[in-house]
């Protein structure tokens, strides 16, 4: 399956890097790399994530990397990465609005 990142997900990934790099640039690079690897692994196993509890729709799923929720939508041939949130943050519904 093809992976498609929403602009919001890319923005959140950059924000995570900026936040962590204030204390440790190496750790920031490692976290971003782990997140990207986790997302890319969805191309082989897209249904492995759980349904997002707040949404409870089969096609909206999430996997975790560290303290981050990687929220994505499944379609027949693509995985759309919608957003990345810290697990302590509420999930606003407009984070899920990405359309290709």
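Some observations on this one:
- Residue exposure sequence - 96, 82, 8, 90 - by fewest surrounding Cβ within 10 Å: 90, 8, 96, 82
- Structure-derived percent of Cα pairs over 23 Å apart: which label, when the choices are [x] 27; [y] 14; [z] 20: [z]
- C-alpha long axis of helix 25-41 to longest principal axis of the chain, angle in °: 10
- With the cut-off at under 20 Å, measuring from each backbone N in the range 1-24 to a point 7 Å along the Cα-to-Cβ line of residue 78 picks out 1-13.
- Estimated at 0.36 nm per residue, the fully extended path between residue 59 and residue 18 surpasses their Cα-Cα distance by 11.7 nm.
- GNM top mover of 41, 21, 76 - the chain, alpha-carbon springs below 10 Å: 76
Laboratory data are not the source of any read-out in this text; all were calculated from the coordinates shown. Just so you know, these numbers come straight off a predicted model, no measurement behind them. Glycine gets a Cβ as well: all are built from the backbone with ideal geometry, and neighbour counts include every protein chain shown.
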